């Protein structure tokens, strides 16, 4: 068995581990909600409003069998994932980020790595369901649809800028995945809170049911917003760097620093949306919920830039190998 | 951009209206909308073919969608990034940016000269606070606190510190840090303006030319020697450095399944004033810098060297003819025009070069880009090439208006095959055709943009400003000293803008420094936390 095949097996193993972790995270969140509701029932009497009881740290420390299994399988998956990615690079004799399968591998590795690193700093395990869910889908798609055998790269990619530009872009994508998870939860929790409080009489999607109880277990929306902002700020700086490094590389390889290639255009769109987010946060009447929507739109453009632009458009960035 | 003020109804009068428009334009809300609008108007350029990138795709699109295509063309959708509406959005955005940043720069400069805000009367409304009691006197406490707040560099203080006396004998220390946050913000936005100006300047002064060079041949850096040449409006042809470049050898490397692995163009360059030619290699990603410009390897192919003798046996044509590759197997199409025949009609030869040819019942195809088994598959036209009309012609196309193809008895074009070194008779008794050699050609792209350094500089400034503005914490710290019975009671509070995880650590650092320094003067006595 060659290194390339071993790498693919490890990635399959990682995906399986993440899938188990996803189930465990979901169970944990449901249990936690039960626990919280039971605790609060005599006091909060059905309003379910929260936020006031949050006490500085993001969420109440907790331990349970489900979350233990979830973190253990996530860590195991991360180890497989890391070794699989390194072996992929070794098999191809270059850095492991030169086609869509490998971008998926790297981007998800950074997302899980960021998530696990954040859990060491603060208890953000509630993000697990969304982050690991996205990662399982992305890896499954990568293995099923984007997979190409490990091989050397064409002359246009033979540059140290491949190491700099593409790695920073994938790291930024991984970070923006985590901030998307935080903002999405912020919006859901905020909507549930408002609906329970009765401030939205006829909502389009009802979030008051028992199924959405898990949202009550989250930290306050203010803290979710702050977390999302911090990660997005780092992601935005890295994306700015990605676009600039890309321009320098384009100047070396294609003789112009900007040529409105579809990938360049969409990278600018991503940058503009996140720039708008940073402005919205400090605009009167646009912070909070409205600003969080920008993160969702921004992440949608990130995903389209990665999948749609590579697969649908003919451009100079057609390196998917498909 | 400035914090937005609530919109006010437009006052009467032209000046009032202008002022109102200006205030709206420079408000954060409008800036926000312009940012999103710019993102939206950039998208059509990636969905529709664009004329600067791919004019033939635009022509095909308009032909396929007659009604819609014409309207889209009229509205500038096939050159989005030069269209009026796209330009309007980004220019408005930059006007808004300038209108916002210039007043803010003034405010920021004034704020940097102003003292930090006075200590609030009560500290108990702040979440982050601390207190201690020490036997040291007030001056010692203030000295220690000031040293910890200012940090090791006096010229670049961490905090700006102001000491004040209050009625009732208490003294306060006010300190503020994080001015760099706004400085970084302003640098970022001003650098964006600089970037725009630099790019525009580069557009005015740049030039780029493309030339196809066959192995063993060369070209000189002058406007007339390029196949295509475009330049900015402020470009002067005299600014071209007259160097010459010769292609000595071109090599390529492919995998077995025709994926490119390496291209190398070995060239000799002779610069004016230089006595000897210097040798250099141009590769993809490794342009050659010469005469203030950069030479890029943009394409390559084969230029079979052929000779044609006419029906009378006279040499009518000899030379290398570039055949343009049409697929990743380098199936290349070319046209050989032979106007100078001594008798009879002019000859046009059209056909394909197959680098590694495989003959199948369905026809000949190339299976690999390397010239392992090259074959020319050609057909012949006779008549008037149309070269004498004075209208410039595309060398890669044959104008067949006044020509007739040589046909078989069944009406299909007569095809003839040539291998390297072979001489074959042209169909129709038009003469003979010899394939002498198979040199390669390269497509070189030469570009010069004098603003590149500025563009890079402004980009780096923007990135640095962005990092500083996003990650510099803005913090205020206040101390209040009350002296009684030879002891000094120090109360402290800290405030940050937005969420700031490091705020209490910062206050703790200052208070620890006060404790450590005043220990020598008589010891501290920790008060309630």
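Computed quantities for the displayed model
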{"item": "All strands (runs of 3 or more DSSP E) inside the stretch B:378-495 with 1 or more residues being within 30 Å of residue A:244 (Cα to Cα)", "result": "B:440-448"}
{"item": "Where residue B:177 falls short, out of the listed (1) over 15 Å from residue B:509 (Cβ atoms); (2) under 43 Å from the mean Cα position of the chain (by Cα)", "result": "(1)"}
{"item": "Residue within the stretch B:195-218 that is touching a helix residue (DSSP H, G or I) at 6+ places or on another chain (Cβ under 7 Å) and more than 14 Å from chain A (Cβ to nearest Cβ) present", "result": "no"}
{"item": "Filtered residues of the stretch B:260-286 (kept if touching a strand residue (DSSP E or B) at 6+ places or on another chain (Cβ under 8 Å), within 14 Å of chain A (Cβ to nearest Cβ) and either closer than 10 Å to residue B:243 by Cβ or assigned to a loop (DSSP other than H, G, I, E, B) (or both))", "result": "B:284"}
{"item": "Residue count, the stretch B:73-90 (criterion: touching a helix residue (DSSP H, G or I) at 6+ places or on another chain (Cβ under 8 Å) and part of a helix (DSSP H, G or I))", "result": "7"}
{"item": "Residue count, the stretch B:116-167 (criterion: in a loop (DSSP other than H, G, I, E, B) and in contact with a helix residue (DSSP H, G or I) (Cβ under 8 Å, 6 or more places away or on another chain))", "result": "5"}
{"item": "Filter result for residue A:249 (within 11 Å of chain B (Cβ to nearest Cβ), under 30 Å from residue B:288 (Cβ atoms) and without any contact (Cβ under 8 Å) to a residue 24 or more places away in the chain)", "result": "no"}
{"item": "Residue within the stretch A:255-273 that is out of contact with any helix residue (DSSP H, G or I) (no Cβ under 7 Å at 6 or more places or on another chain), at the interface with chain B (Cβ under 7 Å from one of its Cβ atoms), at pLDDT 85 or above and not in a loop (DSSP other than H, G, I, E, B) present", "result": "no"}
{"item": "Any hit, the stretch B:453-474, residues being within 26 Å of residue B:359 (Cα to Cα) and more than 9 Å from chain A (Cβ to nearest Cβ)", "result": "no"}
{"item": "The stretch B:225-237, residues that are surrounded by 16 or more Cβ atoms within 10 Å (Cβ to Cβ), part of a loop (DSSP other than H, G, I, E, B) and within 24 Å of the chain's Cα centre (by Cα)", "result": "B:232, B:235"}
{"item": "Some residue of the stretch A:154-165 being out of contact with any strand residue (DSSP E or B) (no Cβ under 7 Å at 6 or more places or on another chain), more than 14 Å from every other protein chain (Cβ to nearest Cβ) and without any contact (Cβ under 8 Å) to a residue 60 or more places away in the chain", "result": "no"}
{"item": "Residue B:193 vs. criteria surrounded by fewer than 18 Cβ atoms within 10 Å (Cβ to Cβ), within 27 Å of the chain's Cα centre (by Cα) and not in a strand (DSSP E or B)", "result": "yes"}
{"item": "Selected residue (only one of A:294, A:313 is within 9 Å of chain B (Cβ to nearest Cβ), buried (at least 21 other Cβ atoms within 10 Å of the Cβ) and either without any contact (Cβ under 8 Å) to a residue 60 or more places away in the chain or over 28 Å from residue B:459 (Cβ atoms) (or both))", "result": "A:294"}
{"item": "Those residues of the stretch A:275-290 which are more than 10 Å from chain B (Cβ to nearest Cβ) and either part of a loop (DSSP other than H, G, I, E, B) or buried (at least 22 other Cβ atoms within 10 Å of the Cβ) (or both), in sequence order", "result": "A:287, A:288"}
{"item": "Residue within the stretch B:287-304 that is surrounded by fewer than 17 Cβ atoms within 10 Å (Cβ to Cβ) and not in a strand (DSSP E or B) present", "result": "yes"}
{"item": "Test: residue in the stretch B:238-254 that is within 12 Å of chain A (Cβ to nearest Cβ), under 30 Å from residue A:148 (Cβ atoms) and surrounded by 15 or more Cβ atoms within 10 Å (Cβ to Cβ)", "result": "yes"}
{"item": "Of residues in the stretch B:29-66 being within 10 Å of another protein chain (Cβ to nearest Cβ) and not in a helix (DSSP H, G or I), the one nearest to residue A:254 (Cα to Cα)", "result": "B:53"}
{"item": "Single match in B:445, B:388, B:401 (criterion: out of contact with any helix residue (DSSP H, G or I) (no Cβ under 9 Å at 6 or more places or on another chain), surrounded by 14 or more Cβ atoms within 10 Å (Cβ to Cβ) and either modelled with pLDDT under 90 or under 30 Å from residue B:369 (Cα atoms) (or both))", "result": "B:445"}
{"item": "Lone unmet requirement of (1) part of a helix (DSSP H, G or I); (2) away from every other protein chain (no Cβ under 14 Å) for residue B:96", "result": "(2)"}
{"item": "Condition met for residue B:188 (closer than 30 Å to residue A:93 by Cα, within 14 Å of another protein chain (Cβ to nearest Cβ) and surrounded by 19 or more Cβ atoms within 10 Å (Cβ to Cβ))", "result": "no"}
{"item": "In the stretch B:1-28, the residues that are facing chain A (nearest Cβ under 9 Å) and either in contact with a helix residue (DSSP H, G or I) (Cβ under 9 Å, 6 or more places away or on another chain) or modelled with pLDDT of 90 or more (or both)", "result": "B:1, B:3, B:4, B:5, B:27, B:28"}
{"item": "Residues (under 37 Å from the mean Cα position of the chain (by Cα) and in a loop (DSSP other than H, G, I, E, B)) located in the stretch B:305-329", "result": "B:321, B:322, B:326, B:327, B:328, B:329"}
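So that you can scan it fast, the table gives a plain yes or no per residue for (1) crowded, with 20+ Cβ neighbours inside 10 Å; (2) touching a strand residue (DSSP E or B) at 6+ places or on another chain (Cβ under 6 Å); (3) over 21 Å from residue A:31 (Cα atoms):
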site	(1), (2), (3)
A:193	yes, no, no
A:199	no, no, yes
A:214	yes, no, no
A:225	yes, no, yes
A:230	no, no, yes
A:249	yes, no, yes
A:252	no, no, yes
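Yes/no matrix, rows are residues, columns are (1) surrounded by 17 or more Cβ atoms within 10 Å (Cβ to Cβ); (2) at pLDDT 90 or above; (3) part of a loop (DSSP other than H, G, I, E, B):
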| position | (1), (2), (3) |
| --- | --- |
| A:114 | yes, no, no |
| A:118 | yes, no, no |
| A:130 | yes, no, no |
| A:133 | yes, yes, no |
| A:136 | yes, yes, no |
| A:140 | no, yes, no |
| A:145 | no, no, no |
| A:148 | no, no, yes |
| A:162 | yes, no, no |
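The values are calculated or read from the model by the stated rules, or taken from the named source; none is laboratory data. A quick note: this is a predicted structure, and the numbers were derived from the prediction, not measured. Here Cβ is always computed from backbone atoms with ideal geometry, including for glycine, and neighbour counts include all displayed protein chains.
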